[in-house]
Amino acid sequence: MKAKPSILRLVLGDQLNEKHSWFHQPSDNVDYVLMEVRQETDYAVHHIQKVAAFFAAMRSFAERLRELGHRVIYMRLEDPDNRQTLTDNIQYLIEREGFSQFEYLLPDEYRLDTQLQALARSLPIQCRTEDTQHFLTQREELAEFFQGKKRYLMESFYRWMRKRTDTLMDQDKPAGGKWNYDQKNRQAYDQKIPVPDPMLFENDVTDIVQSIQKKGVKTLGNIRAHQLIWPVTRDQALALLDYFVITVLPAFGTYQDAMLSTNWHLFHSRLSFALNSKLLDPLEVIQAATKAWKTQKPPIEIQQIEGFVRQILGWREYMRGIYWTLMPKLENSNYFSHRGKLPAFYWTGDTRMNCLQKTITQSLNYAYAHHIQRLMITGNFALLAGIDPQAVDDWYLGIYIDAIQWVELPNTRAMSQFADGGQVATKPYVSSARYIHAMSDYCATCTYDWKKRHGEGSCPFNSLYWDFFNRHRELLQKNPRIAMMYRSWDRMDSSRRQAILKQAREYKTNLNTL
Ligand SMILES: Cc1cc2nc3c(=O)[nH]c(=O)nc-3n(C[C@H](O)[C@H](O)[C@H](O)COP(=O)(O)OP(=O)(O)OC[C@H]3O[C@@H](n4cnc5c(N)ncnc54)[C@H](O)[C@@H]3O)c2cc1C
Ligand code: SF4
């Protein structure tokens, strides 16, 4: 039992922010607790690299806190004392150690927020919460910004954020004269600039993998020789940021939407795990990019920097705001009433559709796919095929190294599956093979023919695309951004339309064999 008043502070696995004010000064009266629990390994079937990365980063963070003079309790998955849920472990520690106060950082997930609030209400000691000091906006700020509006337009939020944080601003005007350089960006890969080798780490996580296996935790995907390529310390995360800014950022915007069969990362930063675990601060990432714009030789074009800043200052903060605005309704939304089962090849990559085969296989091998692969390959196909958004969510929440519900859910349910009915996206992100052919080299070596809409060897994306619009006409035809699409469909010869719909029916009945 503690003789004097003492505080137990909980640090969750995605709260590894060494710069947080909690850690400015060590104190004998404060114990920090980090725990590896079944509650977190089992709420979804996660990629093995994801579980290993979080545990490795938590263990390194605990060591770092000890080095800084803090008192740390660390519960490993296999510890006999580990009760395997946050609630049970906190109650147990309070009883065992006699803490007089419990404090926690505001969780980013609704599920944990609810759980910890209930725990705090049930404890006989004083409880306090603290902000994570990570995001650039508060949970409720987006809702306040869009108050009274039907749609939440990212662009207006982003411009507000640019002004508010004085990022890429020339007094009250956007630097370079434009807010948005999308038109100059987003080209297919033309080989003009060689793709830099990715900076990969060699973190040996053998003991973690063995412990996960020993405890029978169900995971998906692969890990090569128990070596984790993702950054798990702040030093590694900073090294990756440095490497990105110097080597990769100069072509980030140009090839942001490009996809390549032989390359899984192209010009992307792969910083999402470091950001989401809070090893890195969003503002320091943005500032590293804008500093490079001012100082780097040869100079980096504004469209590369703006394209990158938009992702973090815009999309990342926006998605977090959307999450706290639309939860808990968002996690049950299903605008199109889709009920289909996720095809088995999402778990194996075993399909003849080359774009899906490449994207899924890479996701299983690296726990990573870049944004356009997630949105326009796996997400696009799931939406066209009418898969239940719950199954789609479960898949995205498990497979990616950066998947945490606050960012996964708005991206999947709202942006990719349009399950919110269009509060986030102004129209469903679907495409036929034409877009995939234009932005990638996948179609060139595919069994299917990207030009064919029906008949032997026709690309499934084509017939499913028209079938999607045809079956959801009532819900979509009033959308001005889609009206032209319906005009093209209506102009098509009736026998052709019937052939396309018949083809789509065949493909939908045989999704697993495509
Ligand atoms: C269906 C779907 C599911 C997704 N699930 C997740 C997820 O679980 N976790 C996650 O972090 N991102 C998710 N994203 C967003 C995006 O795909 C990833 O952030 C990005 O691919 C991570 O790779 P990167 O670090 O190389 O990103 P880069 O392309 O280098 O971009 C830089 C950073 O910008 C931020 N960013 C970019 N786009 C988005 C976005 N749409 N929303 C939020 N942040 C963004 C990320 O922090 C990213 O690290 C999802 C997107 C889709 C379409
Ligand atoms: S032809 Fe169709 S299935 Fe094949 S890679 Fe292209 S879009 Fe994908």
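Derivation of every value follows stated rules applied to the coordinates shown; laboratory data play no part. Just so you know, these numbers come straight off a predicted model, no measurement behind them. Cβ atoms come from the backbone with ideal geometry, glycine included; neighbour counts cover every protein chain shown.
Quick notes on this one:
- Failed item, numbered, when Thr445 is tested on (1) closer than 29 Å to Glu202 by Cβ; (2) of a type in the set (Ser, Thr, Tyr); (3) within 16 Å of ligand 2 (Cβ to nearest atom): (1)
- The number of residues in the stretch 262-295 that are of a type in the set (Ser, Thr, Tyr), more than 16 Å from ligand 2 (Cβ to nearest atom) and either in contact with a Lys or Arg (Cβ under 7 Å, 6 or more places away or on another chain) or within 28 Å of Met439 (Cα to Cα) (or both) comes to 3.
- Hits in the stretch 430-473 - residues which are surrounded by fewer than 15 Cβ atoms within 10 Å (Cβ to Cβ) and either of a type in the set (D, E, K, R) or within 16 Å of ligand 1 (Cβ to nearest atom) (or both): Lys451, Glu456, Arg471, Arg473
- First in the stretch 327-339 and farther than 16 Å from Trp406 by Cβ, second anywhere and surrounded by fewer than 18 Cβ atoms within 10 Å (Cβ to Cβ) and of a type in the set (A, V, I, L, M, F, W, C), Cβ under 9 Å, 6 or more apart: Tyr335/Leu475; Phe336/Leu475
- Hey, Arg66 in a helix (DSSP H, G or I), out of contact with any Ser or Thr (no Cβ under 8 Å at 6 or more places or on another chain), of a type in the set (D, E, K, R) and within 30 Å of Asp204 (Cα to Cα) or not: yes
- Number of the condition not met by Ser431 [criteria: (1) within 13 Å of ligand 2 (Cβ to nearest atom); (2) more than 26 Å from Leu228 (Cα to Cα); (3) in a helix (DSSP H, G or I)]: (3)
- Which listed residue is more than 16 Å from ligand 2 (Cβ to nearest atom), buried (at least 23 other Cβ atoms within 10 Å of the Cβ), on the phi < 0 side of the Ramachandran plot and within 15 Å of the chain's Cα centre (by Cα), from Ile305, Ile322, Ile312: Ile322
- Verdict on Leu86 being over 18 Å from Asn17 (Cα atoms), without any contact (Cβ under 8 Å) to a residue 40 or more places away in the chain and crowded, with 18+ Cβ neighbours inside 10 Å: no
Let's see how each residue does on (1) closer than 30 Å to Leu476 by Cβ; (2) surrounded by fewer than 16 Cβ atoms within 10 Å (Cβ to Cβ); (3) over 19 Å from the mean Cα position of the chain (by Cα):
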{"residue": "Lys329", "(1), (2), (3)": "yes, yes, yes"}
{"residue": "Phe336", "(1), (2), (3)": "yes, no, yes"}
{"residue": "Leu342", "(1), (2), (3)": "yes, no, yes"}
{"residue": "Thr351", "(1), (2), (3)": "yes, no, yes"}
{"residue": "Cys355", "(1), (2), (3)": "yes, no, yes"}
{"residue": "Thr359", "(1), (2), (3)": "yes, no, no"}
{"residue": "Leu364", "(1), (2), (3)": "no, no, no"}
{"residue": "Tyr368", "(1), (2), (3)": "no, no, no"}
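- Any hit, the stretch 150-165, residues being of a type in the set (Asp, Glu), over 24 Å from Arg9 (Cα atoms) and free of Cβ contacts under 8 Å to residues at least 12 places away in the same chain: no
- Only one entry in Thr351, Thr378 is touching a helix residue (DSSP H, G or I) at 6+ places or on another chain (Cβ under 9 Å), outside any helix (DSSP H, G or I) and of a type in the set (S, T, N, Q), namely Thr351.
- Single match in Leu260, Leu280, Leu266, Leu228 (criterion: of a type outside the set (Gly, Ala, Ser) and out of contact with any strand residue (DSSP E or B) (no Cβ under 8 Å at 6 or more places or on another chain)): Leu280
- Total residues in the stretch 412-429 satisfying the condition of being surrounded by fewer than 24 Cβ atoms within 10 Å (Cβ to Cβ) and of a type in the set (Gly, Ala, Ser): the figure is 3.
- Residue in the stretch 409-426 that is out of contact with any Lys or Arg (no Cβ under 8 Å at 6 or more places or on another chain), away from ligand 1 (no atom under 15 Å from the Cβ), assigned to a loop (DSSP other than H, G, I, E, B) and free of Cβ contacts under 8 Å to residues at least 40 places away in the same chain present: no
- Some residue of the stretch 191-210 being more than 28 Å from Ala237 (Cα to Cα), touching an Asp or Glu at 6+ places or on another chain (Cβ under 9 Å) and among the hydrophobic types (A, V, I, L, M, F, W, C): no
- Restricting the stretch 249-270 to residues that are surrounded by 21 or more Cβ atoms within 10 Å (Cβ to Cβ) and closer than 22 Å to Asp235 by Cα, the residue that is nearest to the chain's Cα centre (by Cα): Arg270
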